[in-house]
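In what follows, a single structure is set out as structure tokens and then discussed.
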Amino acid sequence: METSQLKELLNRLTVKEKIGQLVQLSGDFFKEDQALLVGPQQKLGINDDMIPYVGSVLNVIGAEKVQEIQQRYLEQSEHKIPLLFMSDIIYGFRTVYPIPLGFSTSWNPDLIEKGYENMASEAVASGAHVTFAPMVDLVKDARWGRCLESLGEDTYLGSQYSAAMVRGIQKDLGPEKGLAACVKHFAAYGAAEGGRDYNNVDMSERRLRQEYLPAYKAAVDAGSRLVMTAFNTVDGIPATGNEWLLKDVLRDEWGFDGVIISDYAAVQELIAHGYALDDKDATLKAMTATNDIDMKTACYANQLEPLLEEGKLSLAKIDEAVWRVLTLKNELGLFEDPYRGASVEREAKEIFTPENLAVAQQIAEESIVLLRNQEQTLPLNTKEKVALIGPYSDSRELMGLWAVHGQMKDVKTLDEAFTECGKMEYLGYSKGCDMLENYDFLGEFGMPMEMIANYQLTAEQKIEVKKEALALASKADVVVMALGEHTLQSGEAGSRTNLRLPEKQLELLKEIHALNKKVVLVTFSGRPLVLTDELAYCDAILQAWFPGTKGAEAITNILVGQVNPSARLTQSFPYNEGQLPIYYNGFKTGRPEDSATHSGRFVSKYLDAPNQPLYAFGYGLSYHKTTCEGLNLSSHQLKAGSDDALTVTIQLENHSEIAGSEVVQLYIHDQAASVVRPVKELKAFKKVYLEGKTTQEVTFKVTEEMLKFYGRDMSYQAELGKFTLMVGLNSEKVEAIEFDLV
Ligand code: BGC
Ligand code: BGC
């Protein structure tokens, strides 16, 4: 409808109707005919008379269900303002991609954009209006379970993905097409102290702006219609009630005029934080910070009206928030078609299509990282006899914790993919051991004890499968070990301090290794694991993450060499947990390890572990052998305040017959500045495909923009002086050259 009509509509609404637009409830409130009035609200404590006015629904999806709820709701509604359906569609709808930490290793934002466009069209067919994605929380600590959803430790790369994901989700946004994106969790949720979920975040404003905020900003600049607040505090103030963060930075500085929604129950959690005394106080603080929608608490629903009556909150303030919600509904065309074309027919046609599956497989193939390949163990030789061993051999749990719309039956097991591939002499599989020794923690997820017992092998079965695995392995030339974390060990509230493979799995690996077979370790995880101990017991490591619907096929294609791996890590794999947080772009310290003036003990290092991670940012192997040499700069001086750019060239040579892709990475270091700058920062990259035995010149431009940072006075600018430019195929092995900004 026209803006003027929308304004009139807003003016016609009663206070209650307005408040309803700012409340989001889950589907259980909307189940049956009269369910708008009875049932779960008792638990939430929401006033009965408020429920019919509630403006948006959380995590209800499926064309039929959405239509039914919408229709019933509109029949009862005087002003016919449709409900907004918002869901967690995080890395795929029915067609599931690898977890974001996994797909970020593709260094291929264009491909991810395509994936998110497909994801959006599947979800729209099924009735979704908004997805709670992209999640772009920068992360440097693998203890945090939500590494799974993150895009790694680098600001620049994360920002590229963030913008690409928003573009994909919101492609052709309007009636019937495109989902509205909701970037989250604003802000710095990934910096939780100690990697413990929901924990405090405290850092300098400089670091926040320099490293953590840019990926959210990239989403906002790409047009993300919503922003979700974070659960954590930032500088002592919970994000959901943080006026500086939400109003001063997000709205006033960045010009964001879309909808801010709290994370799940985060408004009420202001009380638990110790930032608000009660529901009313929490409501006032969240509204003052310009948080528009209260997700899943009774705060706004019950407290906005009294706050208004007491004169603590103005109607204008409420109107502003309601206006933002109505504007979004209008932009999505809901007033014209409250179903946005969602239908069972469209679901059948547009979901899980061969085209979407092909993209999912490509993403998976570009996201599986070859970490180790001693004596070219991989690809498997067609004449070698292959045994598959480990709890992931016959598992369909390859989608990770947040793929709630994926279906297990769509996923092939590794055993099935091996059997069908026809390119190996496959002897079959054996589990060898349980995924975990103890599944009691499943009880926390509401799983009844009897079910937990089913999950687990009995004592006799344990002995049996181990015997069977050893017998099978002894017949093979190569053993592929499919090991890893349980899916429930990562994701939200999946923080851990021990990041090694489960003990029994490591034990199994050792026993198989003792048979003197070649061992290929395929690891499944939602985070970087500590794989240091495993090095002694395997010849190759393929990091598979949770690779999604087409994961097993992708892994198999890589193992047999049909696909040449090209993924490069985006989060450091620690040598041990004591190094955490660990990341490539730290400061040098006054006494770096390679200090010219200090030696021995008195430098910045651990006595019992290296400073370096086991596998660094940007690292990954391929089946081809490439060199990246001959770094050259068009000039050693860049003129400040001009549009000039330096041209950087480097020669990439593929020495082998095998074609493949490399990610050429460009890093910059500012040698001396008004505030210390990281040893290196990624500023550009190119994923380059090379035929066998060919050479290619790779070119980059270096501009003044790439040299900018938040200086001592917090202005964002480049400072004159000396810089080091580094180019290489991972963050550790680079060629360097100097230039000056003059
Ligand atoms: C998560 C969000 C999610 C929301 C809604 C919260 O627990 O932190 O990422 O979007 O729930 O399901
Ligand atoms: C230590 C100081 C000490 C100084 C002089 C430094 O290495 O950090 O604590 O006072 O040496 O011995």
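The values are calculated or read from the model by the stated rules, or taken from the named source; none is laboratory data. Remember, it's a predicted structure, so these values are computed and weren't measured experimentally. Glycine gets a Cβ as well: all are built from the backbone with ideal geometry, and neighbour counts include every protein chain shown. Remember, those area values only see protein heavy atoms, side chains included, never the ligands or the DNA or RNA. Shrake-Rupley method; radii C 1.70, N 1.55, O 1.52, S 1.80 Å.
List of remarks:
- Of the residues making up segment 185-212, those that are within 16 Å of ligand 1 (Cβ to nearest atom) and within 15 Å of VAL249 (Cα to Cα) number 4.
- Selection of first residues in segment 4-29 that are in contact (Cβ under 8 Å) with a residue 60 or more places away in the chain and of second residues that are among the hydroxyl-bearing types (Ser, Thr, Tyr) and part of a helix (DSSP H, G or I), restricted to Cβ pairs under 6 Å at least 6 apart or on distinct chains, gives the following pairs, ordered by first then second residue: LYS16/TYR53; GLU17/TYR53; GLY20/TYR53; LEU22/TYR300; VAL23/TYR300.
Rundown of residues vs (1) out of contact with any strand residue (DSSP E or B) (no Cβ under 9 Å at 6 or more places or on another chain); (2) hydrophobic (A, V, I, L, M, F, W, C); (3) assigned to a strand (DSSP E or B), yes/no style:
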{"residue": "GLU653", "(1), (2), (3)": "no, no, yes"}
{"residue": "ILE658", "(1), (2), (3)": "yes, yes, no"}
{"residue": "GLU662", "(1), (2), (3)": "no, no, yes"}
{"residue": "GLN665", "(1), (2), (3)": "no, no, yes"}
{"residue": "ALA672", "(1), (2), (3)": "no, yes, no"}
{"residue": "PRO678", "(1), (2), (3)": "no, no, no"}
{"residue": "VAL688", "(1), (2), (3)": "no, yes, yes"}
{"residue": "PHE700", "(1), (2), (3)": "no, yes, yes"}
{"residue": "LYS722", "(1), (2), (3)": "no, no, yes"}
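- Scan of segment 151-166 for residues that are in contact with a Ser or Thr (Cβ under 8 Å, 6 or more places away or on another chain) and within 16 Å of ligand 1 (Cβ to nearest atom), ordered by number: LEU151, VAL166
- Scanning segment 693-715 finds one or more residues that are open to solvent by 60 Å² or more (accessible area, probe 1.4 Å), under 21 Å from LEU638 (Cα atoms) and not polar (S, T, N, Q).
- Leading residue by the ranking (nearest to ligand 1 (Cβ to nearest atom)) among those in segment 234-249 that are hydrophobic (A, V, I, L, M, F, W, C) and not in a strand (DSSP E or B): ALA239
- Residue within segment 121-128 that is under 15 Å from the mean Cα position of the chain (by Cα) and either over 20 Å from TYR216 (Cα atoms) or among the β-branched types (Val, Ile, Thr) (or both) present: no
- When we screen ASP252, ASP221 for residues that are open to solvent by 10 Å² or more (accessible area, probe 1.4 Å), more than 16 Å from ligand 1 (Cβ to nearest atom) and under 20 Å from the mean Cα position of the chain (by Cα), the only hit is ASP221.
- Among the residues making up segment 422-455, a single one is small (Gly, Ala, Ser), farther than 20 Å from GLY484 by Cβ and open to solvent by less than 30 Å² (accessible area, probe 1.4 Å): GLY428.
- Members of segment 372-406 that are among the small types (Gly, Ala, Ser) and within 16 Å of VAL520 (Cα to Cα): ALA387, GLY390, SER393
- Those residues of segment 273-300 which are in a helix (DSSP H, G or I) and either open to solvent by less than 10 Å² (accessible area, probe 1.4 Å) or out of contact with any strand residue (DSSP E or B) (no Cβ under 9 Å at 6 or more places or on another chain) (or both), in sequence order: ASP279, LYS280, ASP281, ALA282, THR283, LEU284, ALA286, MET287, THR288, CYS299, TYR300
- Subset of segment 76-115 (residues that are within 15 Å of the chain's Cα centre (by Cα), away from ligand 1 (no atom under 16 Å from the Cβ) and not in a loop (DSSP other than H, G, I, E, B)): VAL96, GLY102, PHE103, SER104, THR105, SER106, PRO109, ILE112, GLU113, GLY115
- Residue within segment 657-670 that is within 29 Å of the chain's Cα centre (by Cα), hydroxyl-bearing (Ser, Thr, Tyr) and more than 22 Å from ASP154 (Cα to Cα) present: no
- Flag if PHE231 is touching an Asp or Glu at 6+ places or on another chain (Cβ under 8 Å), at pLDDT 95 or above and within 14 Å of ligand 1 (Cβ to nearest atom): yes
Each row is one residue, and each column tells you yes or no for (1) part of a loop (DSSP other than H, G, I, E, B); (2) free of Cβ contacts under 8 Å to residues at least 24 places away in the same chain; (3) open to solvent by less than 20 Å² (accessible area, probe 1.4 Å).
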| residue | (1), (2), (3) |
| --- | --- |
| LYS329 | no, no, yes |
| GLY333 | yes, no, yes |
| ASN356 | no, no, yes |
| ILE363 | no, no, yes |
| ARG372 | no, no, no |
| VAL386 | no, no, yes |
| ARG396 | yes, yes, no |
| LEU401 | yes, no, no |
| VAL404 | yes, no, no |
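- Remark: pairs (first residue in segment 170-197, among the hydroxyl-bearing types (Ser, Thr, Tyr); second residue within 14 Å of ligand 1 (Cβ to nearest atom) and in a loop (DSSP other than H, G, I, E, B); Cβ separation under 8 Å; 6+ apart in sequence or on different chains) = TYR189/ASP137; TYR189/ALA230; TYR189/PHE231; TYR189/ASN232.
For every residue, the table says whether it meets (1) under 16 Å from ILE99 (Cα atoms); (2) within 16 Å of ligand 1 (Cβ to nearest atom).
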{"residue": "ALA476", "(1), (2)": "no, no"}
{"residue": "ALA482", "(1), (2)": "no, no"}
{"residue": "GLU485", "(1), (2)": "yes, no"}
{"residue": "LEU488", "(1), (2)": "yes, yes"}
{"residue": "GLU492", "(1), (2)": "yes, yes"}
{"residue": "ASN498", "(1), (2)": "no, no"}
{"residue": "LYS504", "(1), (2)": "no, no"}
{"residue": "LEU508", "(1), (2)": "no, no"}
{"residue": "LYS518", "(1), (2)": "no, no"}
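- Among the residues making up segment 406-421, a single one is open to solvent by 10 Å² or more (accessible area, probe 1.4 Å) and among the small types (Gly, Ala, Ser): GLY406.
- Given (1) assigned to a loop (DSSP other than H, G, I, E, B); (2) surrounded by 17 or more Cβ atoms within 10 Å (Cβ to Cβ); (3) among the charged types (D, E, K, R), index of the condition ASP337 fails: (2)
- As a summary of the residue check, GLY127 satisfies the conditions (1) more than 18 Å from VAL259 (Cα to Cα); (2) surrounded by fewer than 23 Cβ atoms within 10 Å (Cβ to Cβ); (3) more than 16 Å from ligand 1 (Cβ to nearest atom) except for the one numbered (2).
- Consider segment 224-249 and keep the residues that are open to solvent by 20 Å² or more (accessible area, probe 1.4 Å) and not acidic (Asp, Glu). The one that is nearest to GLN170 (Cα to Cα) is ARG225.
- Taking each residue of segment 121-135 that is in contact (Cβ under 8 Å) with a residue 40 or more places away in the chain and looking for partners that are of a type in the set (Lys, Arg) and away from ligand 1 (no atom under 16 Å from the Cβ) with beta-carbon atoms closer than 7 Å, six or more apart or interchain, yields GLU122/ARG94; VAL124/LYS177; VAL124/ARG340; ALA125/ARG346; HIS129/ARG340.
- Number of positions in segment 379-435 that are more than 24 Å from LEU506 (Cβ to Cβ) and within 30 Å of the chain's Cα centre (by Cα): 15
- Considering the conditions (1) assigned to a helix (DSSP H, G or I); (2) over 30 Å from GLU347 (Cβ atoms), ALA476 is excluded by exactly one of them, (1).
- Options TYR619, TYR606: the member that is in a loop (DSSP other than H, G, I, E, B), within 30 Å of the chain's Cα centre (by Cα) and either farther than 27 Å from ALA718 by Cα or not small (Gly, Ala, Ser) (or both): TYR619
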